[in-house]
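Remarks on the structure that follows.
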Amino acid sequence: MTAVAAPQQAPDLREPKGWRRSKNRIMTVLMVIAFVLTIIPLGFVLFTVIAKGASIISWQFLTGSPIPPNVLPAGIGGMWPAVLGTLLITGLATLMTVPLGILGAIYLNEYGGRNWLAALIGFMSDVMTGVPSIVMGLFIFSIWVLHFGYSGLAGAFALGCLMLPVVIRSSYEMLRLVPDPLREASYALGATKSRVTLTVVLPAALGGIVSGALLAIARAAGETAPLLFTILTVTQANPNVFSGPNTSLPSQIFSNATQPYTGAQDRGWGAALTLIAICFILMIAARIVTARFTRYSR
Amino acid sequence: MEQPEQNVVAQTETKMPKPAALQDTRPSEGAVAGPTGAEVFKSKNVSIYYSSFRAVTDVSLSIYENEITAFIGPSGCGKTTVLRTLNRMNDLVPGARVQGEVHYRGASLYAPGVSPISVRRRIGMVFQKPNPFPKSIYDNVAYGPRINGIRNKAKLDEIVENSLHQAALWDEVKDRLNKSGLGLSGGQAQRLCIARTLAVEPDVVLMDEPCSALDPIATGRIEDLMREIKSQYTIVIVTHNMQQATRVSDRTAFYSVLRDEKSDTRTGVLVEYGRTAQIFEDPQDSRTQAYVTGRVG
């Protein structure tokens with residue numbers, strides 16, 4: 001019997017060599033590659049648009065009017081009609097669809113439960129997500145434009161048809177993530193269902209709902225096809241969104257970039273950069289606003 | 001947990017040869033000592049179903065004013081389910097159904113026309129996991145008073161301070177009432193939830209394993225708090241911790257699981273109900289004895 005035991009060999013706690021380790025390496029590398037592949041086109045688009053569009057952007061370009069004929073060189077007139085049209089039409093579409101979409105999602109998740117109406121609405125909104133945007137444009141053309149003529153409102157309807165299912169689906173997913181114990185806590189204090197929804201569920205889901213709505217707005221702001229048949233594309237600013245043909249940045253990108261004249265092509269790039277900048281500013285503004293409302297959620 | 005010979009043991013004990021499902025659920029009248037306060041709850045032959053599954057069978061018991069009543073028993077015996085019938089929280093579970101009668105101060109809780117909202121404003125609940133709202137500490141406590149229509153800032157301030165004092169949390173949070181309720185530790189968050197429940201001045205506070213996620217020190221504080229507030233409230237607590245039941249409660253109800261061998265279904269039953277000292281020191285039912293002495297469970 002020895003007084004001191006022989007020193008124990010320390011266990012090997014390193015990751016074992018072999019297939020498991022290699023698998024880990026391979027998957028890590030694959031994920032990095034996937035990330036880089038995703039970033040390349042994004043960065044490239046942004047780089048090209050900035051490189052080609054930045055030089056033409058000026059205060060006059062943003063606020064000048066009217067949009068000059070394609071043959072004229074850059075530096076004459078401006079994109080104000082298109083900027084105004086995009087802001088008005090997208091804004092109107094947002095006003096119409098975001099409240100409606102959030103209410104729809106609240107119905108689906110909080111009130112509808114498993115009944116047939118909720119199931120039908122959920123299914124139809126999913127189907128609507130898959131409808132090509134040009135079909136939405138044609139739909140509004142046939143039910144609205146043929147009777148009431150071209151207008152920004154018709155464009156907003158077409159964009160709204162595209163946004164609505166996205167807003168419903170994303171808001172619904174966010175509401176579903178709100179944990180039930182929060183609802184129960186509110187019910188246990190004697191809150192009514194509407195109260196629970198308004199004061200607990202919606203605030204808890206707000207961040208995600210705003211993100212989803214922003215994606216829908218940004219997507220709609222960049223849509224050309226549904227506007228082709230609904231607002232026409234004019235060169236004069238039309239501040240009355242409810243009547244008369246209008247124009248928008250995507251429409252102007254389309255009509256300018258397809259021209260052989262360099263002035264028109266420059267205007268197309270400038271309009272593209274303006275559109276990206278508007279979406280970017282919108283995203284940041286919305287983030288700042290929601291950060292105020294969700295400051296207690298962590 | 002529950003042991004298979006339970007039914008056999010139960011049958012040897014009964015005086016009347018009744019079918020097991022019926023006889024097991026009735027605590028003998030003598031088991032409950034004379035009431036000290038008014039009867040707050042009286043449930044009679046309550047069975048609770050989730051869709052077609054019978055979770056709890058034939059529970060009858062009375063709960064008295066300004067007492068702490070503990071529900072103990074193994075997992076799955078339906079003690080939480082019974083607790084949730086007392087303020088109609090089970091209404092929120094799709095397919096849940098209550099049979100039998102639950103009376104609250106003489107009014108039937110499940111009568112047609114009874115609003116669960118009005119019921120829950122009188123009968124508050126604290127949950128197993130602390131569930132503060134993602135709002136500030138102040139707004140968490142003020143939530144209940146606000147939904148009751150109190151808008152006056154000074155009045156709300158007073159309610160918030162009093163409630164947090166009652167929940168023994170005021171000193172820890174008085175300097176950060178505008179910070180998020182989610183930033184509190186588990187024990188603090190649970191006391192915040194208790195403060196939130198007390199802020200609406202309920203008549204009864206139901207507690208569903210309020211300390212199961214807490215360490216012994218936080219548990220001790222909540223138990224102290226329960227003893228302090230019981231002069232103003234009636235408390236019903238579900239607990240897995242038998243020491244906790246002996247420490248805080250005046251009466252204890254022991255629930256168990258009854259297995260029907262033929263259909264292989266399980267249902268919760270109330271085995272014995274009485275003064276806490278009697279349940280733990282002189283249990284009348286062998287199953288209670290086995291559970292409280294630690295032989296099963």
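Nothing in this text is a laboratory measurement; each read-out follows from the coordinates by a stated rule. Fair warning: this is a prediction, and the values are worked out from it, not measured in the lab. Cβ: placed from backbone, ideal geometry, glycine included. Neighbour counts: every protein chain shown.
Set the Förster distance to 45 Å, then compute FRET efficiency between B:Arg105 and B:Asp175 from the Cβ-Cβ distance, nearest 0.05. Kindly include the intermediate steps, with their values, before the conclusion.
Values: r = 40 Å, r/R0 = 0.89.
The computed FRET efficiency comes out at 0.65.
Mind checking which aspartates and glutamates have their C-alpha under 15 Å from A:Lys23, skipping anything on the same chain fewer than 8 residues away?
Hits, sequence-local ones excluded: A:Glu15.
Mind checking the mean number of beta-carbon atoms from other chains within 10 Å of the Cβ atoms in A:175-188? Walk me through the numbers before you get to the answer.
On the way: counts 0, 0, 0, 1, 2, 3, 6, 4, 2, 7, 13, 7, 9, 20.
Mean number of neighbouring Cβ atoms from other chains: 5.
Taking every alpha carbon pair in region B:85-187, what does the distance histogram look like in 10 angstrom bins from 0, in percent?
P(r) over region B:85-187, rounded to whole percents: 12, 37, 28, 19, 3.
Taking the Cα centre of chain A as the origin, how large is its charge dipole in debye, to the nearest 20, when only Lys and Arg (+1) and Asp and Glu (-1) carry charge on their Cβ atoms?
On the way: 19 positive and 9 negative charges, 180 e Å.
That gives chain A a dipole magnitude of about 860 debye.
With the contact rule set at Cα under 8 Å and sequence spacing of 6 or more, what percent relative contact order holds for region A:183-267? Let's see the in-between values first.
Numbers: 50 pairs, mean separation 14.3, N = 85.
Here the relative contact order equals 17 percent.
For a footprinting-style exposure proxy, rank A:Phe123, A:Phe254 by other Cβ within 10 Å, fewest first.
Starting with the residue having the fewest Cβ neighbours, the order is A:Phe123, A:Phe254.
Roughly how far apart, in whole Å, are the Cα centres of region B:114-182 and region A:71-113?
Spelled out, the Cα-based centre of one part sits 40 Å from the other.
State whether region A:142-226 is rounded, prolate or oblate according to the following rule on the C-alpha gyration tensor (a ≥ b ≥ c being the square roots of its eigenvalues): a/c under 1.5 gives rounded; otherwise a/b larger than b/c gives prolate, and the remaining case gives oblate.
It comes out prolate by the Cα gyration axes.
Taking the Cα centre as origin and putting +1 on Lys and Arg beta-carbons and -1 on Asp and Glu beta-carbons, what dipole magnitude results for region B:161-297, to the nearest 20 debye?
Details: 16 positive and 20 negative charges, 36 e Å.
So the magnitude is around 180 debye.
Debye calculation, C-alpha points only, no solvent: report log10 I(q)/I(0) for chain B at q = 0.08 Å⁻¹, in the same order as the q values.
Values, matching the q order: -0.36.
Would you please put B:197-204, B:143-150, A:32-39 in order of how densely packed they are, using the mean number of other Cβ atoms within 10 angstrom per residue and starting with the highest? Could you put the intermediate results ahead of the total?
On the way: B:197-204: 22.0, B:143-150: 18.1, A:32-39: 9.9.
So the order, starting with the most tightly packed, is B:197-204, B:143-150, A:32-39.
Can you give the Rg to Rh ratio for region B:45-139, taking only C-alpha atoms and Rh from Kirkwood?
Numbers: Rg = 14.5 Å, Rh = 14.8 Å.
In region B:45-139, Rg relative to Rh is 0.98.
Work through the residues other than B:Gln128 whose Cβ is under 10 Å from its Cβ and net out their charges, Lys, Arg +1 and Asp, Glu -1.
Values: positive: B:Lys129; negative: B:Asp208, B:Glu209.
Cβ neighbours under 10 Å give a net charge of -1.
Kindly provide the helix-only [θ] at 222 nm of chain A, computed as the sum of -39,500 (n - 2.57) over DSSP H runs of four or more divided by all residues, to the nearest 500 deg cm²/dmol?
Working: 12 runs with 193 residues, N = 298.
Theoretical 222 nm ellipticity from helices: -21500 deg cm²/dmol.
Across peptide A:285-296, how many C-beta atoms of other chains are within 10 Å of each residue C-beta, on average?
2
At a threshold of 8 angstrom on Cα-Cα distance, excluding pairs fewer than six apart, so keeping six or more, what relative contact order does chain B reach in percent? Working shown, then result.
Working: 572 pairs, mean separation 80.1, N = 297.
The normalised contact order for chain B reaches 27 percent.
How far, in nm, would the chain grow between B:His240 and B:Arg97 when pulled straight, counting 0.36 nm per residue and subtracting the alpha carbon separation?
Full extension of this stretch gives 49.0 nm more.
State to the nearest 20 debye the size of the charge dipole of the protein assembly as shown about its Cα centre, where the only charges are +1 on K and R beta carbons and -1 on D and E beta carbons. Before the final figure, lay out each step's value.
Values: 55 positive and 43 negative charges, 231 e Å.
That gives the protein assembly as shown a dipole magnitude of about 1100 debye.
Is region A:25-101 rounded, prolate or oblate when judged by the Cα gyration tensor, a ≥ b ≥ c being the square roots of its eigenvalues, rounded requiring a/c under 1.5 and prolate requiring a/b larger than b/c?
Working: a/c = 4.59, a/b = 1.53, b/c = 2.99.
Oblate shape, in that a/c is at least 1.5 and b/c is the bigger or equal ratio.
222 nm [θ] for chain B, helices only, -39500 (n - 2.57) per DSSP H run of 4+, per residue, to 500? Before the final figure, lay out the partial values.
Details: 12 runs with 102 residues, N = 297.
About -9500 deg cm²/dmol.
Using square roots of five times the C-alpha gyration tensor eigenvalues, list the equivalent-ellipsoid semi-axes of the protein assembly as shown in whole Å, biggest first. Numbers along the way, then the final one.
Numbers: eigenvalues 796, 181, 122 Å².
Listed largest to smallest, the semi-axes of the protein assembly as shown are 63, 30, 25 Å.
Work out Dmax and Rg for region A:88-247 from the C-alpha atoms and quote the Rg first, both in angstrom.
17.9, 60
Of A:Lys193/B:Lys179; B:Lys153/B:Lys179; B:Lys129/B:Lys174; B:Lys79/B:Lys262; B:Lys135/B:Lys174, which pairs sit farther than 20 Å apart, going by alpha carbon to alpha carbon?
On the way: A:Lys193/B:Lys179 27 Å; B:Lys153/B:Lys179 18 Å; B:Lys129/B:Lys174 23 Å; B:Lys79/B:Lys262 24 Å; B:Lys135/B:Lys174 16 Å.
Too far apart for the 20 Å limit: A:Lys193/B:Lys179; B:Lys129/B:Lys174; B:Lys79/B:Lys262.
In whole angstrom, note down how far apart the Cα centers of region B:72-87 and region A:220-298 are.
The distance from the Cα centre of region B:72-87 to that of region A:220-298 comes to 59 Å.
With a/c under 1.5 counting as rounded, go ahead and sort chain A into rounded, prolate or oblate using the C-alpha gyration tensor (a ≥ b ≥ c being the square roots of the eigenvalues; past the cut-off, prolate if a/b is larger than b/c, else oblate).
Details: a/c = 2.62, a/b = 1.47, b/c = 1.79.
Oblate.
Of the listed peptides A:287-296, B:101-110, what is their order by residue-averaged count of other C-beta atoms within 10 Å, with the highest listed first? Can you show the working numbers first?
Values: A:287-296: 13.3, B:101-110: 15.8.
By packing density, highest mean first, the sequence is B:101-110, A:287-296.
Show me the ranking of peptides B:184-190, A:77-83 by mean Cβ neighbours inside 10 Å, starting with the highest. Could the numbers behind the result be given before it?
Working: B:184-190: 20.9, A:77-83: 23.7.
The packing order, highest mean first, is A:77-83, B:184-190.
By Kyte-Doolittle mean hydropathy of at least -0.5 and Cα axial length of at least 15 Å, which whole DSSP H helices of chain A are selected? Each step should come with its number before you reach the end.
Values: long enough: A:19-53 (50 Å, 1.24); A:80-106 (38 Å, 1.75); A:116-129 (20 Å, 1.44); A:152-177 (36 Å, 1.23); A:202-221 (27 Å, 1.65); A:262-293 (47 Å, 1.12).
Those that clear 15 Å and a mean of -0.5 are A:19-53, A:80-106, A:116-129, A:152-177, A:202-221, A:262-293.
Measuring from label point to label point, each 7 Å out along Cα→Cβ, what is the B:Lys155 to A:Leu95 span in nm?
With each label point 7 Å from Cα toward Cβ, the separation is 3.8 nm.
Taking 0.36 nm per intervening residue step and subtracting the Cα-Cα distance, what contour gain separates A:Asn24 from A:Ala257 on full extension?
Working: separation 233, 0.36 × 233 = 83.88 nm, distance 4.69 nm.
Contour length minus Cα-Cα distance gives 79.2 nm.
Could you line up A:Arg25, B:Arg121 from fewest to most neighbouring Cβ atoms inside 10 Å?
Numbers: A:Arg25 10, B:Arg121 21.
Starting with the residue having the fewest Cβ neighbours, the order is A:Arg25, B:Arg121.
Hey, with R₀ at 22 Å, roughly what FRET efficiency would A:Ile281 and A:Phe47 work out to, going by the Cβ-Cβ distance, to 0.05? Before the final figure, lay out each step's value.
Working: r = 19 Å, r/R0 = 0.88.
Efficiency at R0 = 22 Å is approximately 0.70.
Considering only A:Met163, A:Gly130, A:Gly190, whose Cα is most displaced toward the positive end of the charge dipole of region A:88-247, charges sitting on Cβ of Lys, Arg (+1) and Asp, Glu (-1)?
The residue sitting most towards the positive pole is A:Gly190.
Of the DSSP beta bridges with both residues in the protein assembly as shown, give the percent that are antiparallel, rounding to the nearest 5. Walk me through the numbers before you get to the answer.
Numbers: 29 of 48 bridges.
The antiparallel fraction comes to roughly 60 percent.
Please give the average number of partner chain Cβ atoms lying within 10 Å of the Cβ of each residue in B:118-129, rounded to a whole number.
Numbers: counts 1, 1, 6, 4, 1, 2, 3, 5, 2, 4, 1, 2.
So the per-residue partner count for this stretch is 3.
Can you give the FRET efficiency to the nearest 0.05 for A:Gln60 and A:Ser194, using r as the Cβ-Cβ distance and R₀ = 56 Å?
Efficiency computed from Cβ-Cβ geometry: 0.65.
Using only alpha carbons, build the gyration tensor for region A:67-179 and give me the equivalent ellipsoid semi-axes, biggest first, whole Å. Write out the running numbers ahead of the final one.
Working: eigenvalues 250, 54, 25 Å².
With the √(5λ) rule applied to region A:67-179, the semi-axes are 35, 16, 11 Å.
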